[in-house]
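Okay, so here's the structure we're looking at.
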Amino acid sequence: MKECWIMVMMILLLKESWCSDGCLENERIALLQIKSHFNSSSSSFMSTWGVTADCCSWVRVYCNSTTGHVVQLSLDGVRSSEEDYWYLNASLFLPFQQLNYLSLWGNNIAGCIKNEGFERLSALGNLEVLELSDNSFHKSILSSLSGLSSLKILSLSGNRLKGIINIEEFNHLISLEELDLSANAIEGFISSNGSDELSKLSNLERFDLSYNHVNISLLSPLIRLPSLRYLDLGYNQLEGLFNFKELGKSKLVTLDLSGNNITEFVDSREIRASNNISELYLDDITITKGSKLLESLGAFSHLKNLSLVSCKFEGAILHQGVCKLKQLQELDISYNDISGSLPSCLANMTSLQSLHLSSNNFVGNISLYPFNRLTNLEYLDLSHNLFQIPVSLDLFFNHSKLKHFKSQGNNEIYGEKTEQNLTPMFQLETLYIDGYACIKAFPKFLYYQHNLREASLQSLKLRGRFPYWLLQNNTKLEELYLKNNSLSGPLQLPLHSHLNLSLLDISDNLFHGIIPPDIGTHLPRLELVYLSKNDFNGSIPSSFGNMSSLQILDLSNNDISGSLPSDFCCSHMLEVHLSRNQLQGSLEDAFFDCLQLVVLDLSHNNMTGSIPSWFERFYQLAYMILGYNNIEGEIPIQLCNLTQLSLIDLSHNNLSGHIPPCLRSTSNFASLSNGEEIEFTTKRNIYSYQRSMLYYFSGIDLSCNKLIGQIPIQIGYLNEIRVLNLSHNNLNGKIPASFSNLSQIESLDLSHNNLQGNIPSQLTELDFLEVFNVSCNDLSGRTPEKVKQFATFDESSYRDNPLLCGWPLQKYCATMESSPSIPRSSNDTEESNCFIDMEDFYASFGVAYIMVLLTIAGVLFINPYWRQVWFYFVEVSIDKCYYFLIDNLSCLSKFKLF
C-alpha cells in the first residue's frame, strides 16, 4: 500500500510540473528565451511561438506524447544568410533534458559565446542528432563537441573548417555512426603524436568528406575504420593511381570518388577477391583514351551499382571493363554524349535490373538490339538519344519484371502497321513515350495496364477521344500527360470518384465543349490542371473552388466566357492562368481568398472594373499579368506592398492617374510549375517565357493606358529590372537621369508620350540595352553619343521629336558634328546649345517685342509728322470697328439672340 501512495504522489508531482496546456513550464520558458536570443527579423515561424500556451503545438517543436518533454527542435534557417555573423549561447538548450534531435542548420552562426559552448550540452544524455550544417563555424568548434558522447549523427557540412584537423577532437564521440564534414576546406587529419590514425571512431559507418581538399594519402587511414560502410570522397584532389591495399580488410560497401582525376585502380588478387564494395560512383570524371580507369574496374569483383554520369569519354571505349562486371545490377551512363551504337556486350549483363542511357547520342532501332536477353530489367531509360523506338514496345512483352520505361526526346517514335494483339507480361508503373511522331492511336498494350502511376504520351499526334478508360483501369494513376496531340471531343471523365490523379495535362489538343461542372467531384485530388490551347467554351466551373488540393490551374488559350465564379480560387492556389479567353466582369470577388498566389495571368480578356486595393493581400505574388483588358481607374498604391513582384503587365487597359512612385519589380526565385508559360511584351515582340527564363527575368509594362504626370525617379532604382515599357500614355516631364541605374535593362520604351527636355547622357552606361525607343515625344537637344549600345540604335528610336537633333537623325545640330562636343552637366539640368532652346527663345522674343514698342513710342514722341499719321490711323481703325459691330449686332437681333 505504501508503494502505491508513493506512486500516486509522484504522478501528482509530475502532473503539477506539467503545465495545463500540454508542455512543461520550464521548457516553454526556455523556448521563449531561445526566441529572444535568435532575434531574427526574417523568421516567420518563431513569431508564432507564445501565441498559445502549449509549446508542444508550436512550429518545429516536437514533444513526447506521453511525458510532454521536448524531444526535437528544428531551428533551421531562423536567421537569414544576409544577416551578420553571430554567436550562440548553447546553454539555452540545457532545460530540454529529453532532447534527442537538434538542428541549427543555415543560421550563419560563427561560434559560441565564451564558456557557453556545446560542451555544456554534455549533460543531455539523450542527444543523438546534431545538425550544424551551413553555418560559419571554424575548426575550433570541434573541441567543444568532444563531450557529446551520446551523439550518433553529426553534420558540419558547409562551414569553415580549413586545413589540417586534429582527429583527437573526435576521440570521445564513441557512439558516432554518421559524420558529415563535406563542403569545407579540409586538407587532412593529424594527431598530437603526428599520426593520422582515425580508428578511434570505431562505430563510424558513414563518412562524408566530399567537396574538400583532401588528397590520395588520406585513403589508407580512412579505409582502416573498422565499421565504415559508406565513404564519400567526391570532388576533392584525388589524382592518378588509386591503390587501396588495405581495402581487403575493410567493410566498405559504398565508395564515391566523383569529380576527381583518378586514372586507374591498382589492386591485387587478394583485394579483388575480398573487397565488399558493391556501389561505386565515378561521376564527373574525364576518361581519356589513355586512361585505364574503365579497364581496371575489374578490381571491384562484387560491384552491383556503377555510376558514370556526366563523364567525358574522350576517345575511351565504353565497354572496356564495364561489360566484365557480370554481377552488375544497376548501370548509369547518362549525360555523356556517347555516340554510335550500344555495345553489344550489354546483352550479356543479364543481371542488370536498372539501365540508364539518357542524354547521349546512341543511334539505331532498339528492336534490333538484344534487349530480350535482359529479362531482369525493372528500369530502362532511353531518353534523349537518337534511337528509333516502336510505340508498341512488343520487344519487351516477355519482360515480366519491367516497371519503368522512359524514352522521351528520341529520333523517332513509330507505330507498327499491324500491331500484335498480345497481352504483355509486364505491368508498368512509369511510362514515358514522348516524341514527334504520328501514331494516331493509343498502343494496345495500354489497355492491359493496371498499375500505372505516371503516364506520358506527348507530341505523338494521337487521335481519338480522351482516354477515360486509362483512369478507370489504373486507379492509382497520379500523373497523366497527353500534351500536344490531336485528341478531340469533350472531356469525358471516369465514373470512379476514388481516383488518385494529382496532375492532368491535356493542353495543346483539339478538345471542345464545356469543362465538366463536376470535375472536382470526379477528380478530387487534382493539384495541377493544364487544359490550355484547346477549344473549351462555356464558363469556368465553380467546383474548382471546392478542390482543396488545387495549386495550379491553366485554362489559357480557349474560348471560355462569362464572369469569374465568386470565390472559385481556393486558398492553396499558387498559379492561375486564364489568358486569351472571352472572360468578362470584375476582379472583385473571385480571388479574395487566394492568399498564396504567385502567378495571376488574366491578359487578353474583356475584364472591366478596377484593380482592387486588397490585392495587397497577395504577399507572395510574383507575376501579375492583366494586360489587354478594359480595366479602369488608378493603379492602387497598395500594390507597393507586394515585395515579391517580378513581372507587372497592366498594358492596353484604360488606367488613369499617376504611376505610384513606390511601384517595384524585383528579381526573385518564385516557385513555378514546369508546364506554365507567361506572355510578356519585350523588345517589340510578345514572347512566352518558360520557367527557366522567368527565374532571371523582371519587368514592368504599363503601356497603352491613360497615365499622366511625370515618371517617378524611384523607378530608376529598380536595378534588377530587364524590361520597362511606359509607351502610349500621357506622361510628361523629363526622362529621369536615375534610369542610368537600371544596370540590367534590356528594353526601354518611353515612346508616344509628352516627355520634354534632354535625353540623359548617362543612359549610355546601360551595357545590356538592346531596345531603346523615345519616339513621338517633345524631347529636345542632342541625341546620346554614338557609343556602346547606343551605336546600334537607328532613327526609329528617336523619330517625331521636332526639337531633337544629332545622329542617327537627319537633322544636324547647330554645332558641326566634327566640332568638339560641349560637355553636359552630370544632372542634365542644362540643355544642349546646339539647337534652339525654347526657354531662351521665349525670353528673347519678349525682350525684342518690348524693344519694338519702345522704339515706336520714341519715334512718335520725337517726330510730329509720324505722330499725326499714327493718330489718324488709330481714329480710322476705331470708326471701322464701331460700324462693324453696329451692323452685326442689328443682324443678330433679328434672330432674337440678344
If one computes the Cα centroid of region 573-613 and of region 356-403, what distance in Å separates the two points? 46 Å
Going from the alpha-carbon gyration tensor of region 334-424, what semi-axes, largest first and in whole Å, does one get by taking the root of 5 times each eigenvalue? 20, 17, 11
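When Rg is the radius of gyration of the Cα atoms in region 456-554 and Rh is its Kirkwood radius, what does Rg/Rh come to?
Rounded to two decimals, Rg/Rh equals 0.92.
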Alpha-carbon Rg with Dmax, taken over region 72-139, Å: 11.7, 35
Working from the pairwise distances between different alpha carbons, so that the mean of 1/r is found and then inverted, what is region 91-224's Kirkwood radius in Å? 15.1 Å
Keeping all protein chains in place and using 1.4 angstrom, which order do SER358, SER47 fall into by accessible surface area, from largest down? SER47, SER358
Can you give the log10 of the normalised intensity I(q)/I(0) at q = 0.12, 0.17, 0.20 Å⁻¹, computed with Debye over equal Cα scatterers of region 242-376? -0.46, -0.92, -1.25
Taking 1 over the mean of 1/r across every pair of different Cα atoms in region 382-438, what Kirkwood radius in Å do you get? 11.9 Å
Sort ARG617, ARG229 from largest to smallest accessible area, using a 1.4 Å probe on the heavy atoms of the protein chains. ARG229, ARG617
Within the accessible area of region 128-234, what % is carbon and sulfur when the probe is 1.4 Å and the other protein chains stay in place? 45 percent
If I compute solvent accessible area with a 1.4 Å probe over the protein chains, what percent of it on region 460-515 is carbon and sulfur? 47 percent
Could you pull the Cα extents of region 381-517 along its three principal axes, largest to smallest, in whole Å? 42, 27, 27
When the expected Rg is taken as 2.2 N^0.38 Å, what fraction or multiple of it is the alpha-carbon Rg of region 117-174? 1.07
How many Å³ per residue does the convex hull of the Cα positions in region 531-615 occupy? 78 Å³
Could you check how much of the accessible area of region 543-659 is carbon and sulfur, as a whole percent, using a 1.4 Å probe? 41 percent
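What chymotrypsin sites (Phe, Trp or Tyr not before Pro) in region 524-598 are in a loop by DSSP, with at most 15 other Cβ atoms within 10 Å of the Cβ?
Passing sites in region 524-598 are PHE592.
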Compare the peptides 721-728, 807-814, 123-130 by average per-residue count of other Cβ atoms within 10 angstrom and give them in order, highest first. 721-728, 123-130, 807-814
Do any GluC sites (Glu not before Pro) in region 72-118 lie in a loop, going by DSSP, with at most 11 other beta-carbon atoms within 10 Å of their beta carbon, and if so which? GLU82
I need the P(r) histogram for region 721-810: all alpha carbon pairs, bin width 10 Å from 0 out to the longest distance, whole percents. 18, 57, 24, 0
In square angstrom, what is the accessible area per residue of region 301-359 with a 1.4 angstrom probe? 41 Å²
First measure r as the distance between the Cβ atoms of MET425 and ASN215, then evaluate 1/(1 + (r/R0)^6) with R0 = 35 Å and state the FRET efficiency to the nearest 0.05. 0.10
Give me Rg/Rg_expected for region 273-347, where Rg uses Cα atoms only and Rg_expected = 2.2 N^0.38 Å with N residues. 1.04
Candidates per trypsin sites (Lys or Arg not before Pro) in region 367-435, loop by DSSP, up to 16 other Cβ within 10 Å: LYS401, LYS417
Per residue, how much accessible area does region 398-534 show when a 1.4 Å probe rolls over the protein heavy atoms, in square angstrom? 44 Å²
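The values are calculated or read from the model by the stated rules, or taken from the named source; none is laboratory data. Note that the structure is a prediction, hence the values are computed from the model and not measured. So basically every Cβ, Gly included, is an ideal-geometry build from the backbone, and we count neighbours across all protein chains shown. Just so you know, the surface numbers come from the protein's heavy atoms only, side chains and all, with ligands and any DNA or RNA stripped out. Shrake-Rupley method; radii C 1.70, N 1.55, O 1.52, S 1.80 Å.
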